[in-house]
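The values are calculated or read from the model by the stated rules, or taken from the named source; none is laboratory data. The model shown is predicted, which means the values in this text are computed figures rather than measured ones. For neighbour counting, all protein chains shown are included, and Cβ atoms are generated from backbone atoms with ideal geometry for every residue, glycine included.
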Amino acid sequence: MNSLRRMLLAASAAAVMLTTSAFAADANVAGEWDLTVETQAGAGNPHFSLKQDGAKISGTYKGMLGESPVTGTVKGNDIVISFQVNAQGTDLAVSYTGTVDGANMKGTVKLGELGEGTFTGKKTS
């Protein structure tokens, strides 16, 4: 009888965990974001203006690499933002991958062949 009770309790706990994670809301990243980026080549302070439709992100990047439209996704608290820029005649794929915690985000940035670094950001509106 005890093993049946344990099995039922374990199954109930698993069902609650699955239900909770299935309905976990995606972070709200729509708005204005100021970031601090640090790489081996130096530091920068890009700005993102983001819109969100469910898990899809769109918007604009403005920073040392110029200005570019961005796309991305948010799943739970995980965020990915990508865009292309032309840096001194070379097309460069840039991607930010990180986590969102309320009005803060942090993670890594890949700057194509130029390397990678880390970023932190704050939502300003």
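Restricting attention to segment 86-105, the residues being surrounded by 15 or more Cβ atoms within 10 Å (Cβ to Cβ) and either at positive phi or at pLDDT 95 or above (or both) number 7.
Could you tell me whether any residue of segment 17-24 is at pLDDT 95 or above and of a type outside the set (Val, Ile, Thr)?
no
Here is a check on your reading of the model: is Thr73 under 23 Å from Asn28 (Cβ atoms), touching a residue at least 40 places away in the same chain (Cβ under 8 Å) and surrounded by 13 or more Cβ atoms within 10 Å (Cβ to Cβ)? Judged against the criteria, Thr73 is not a match.
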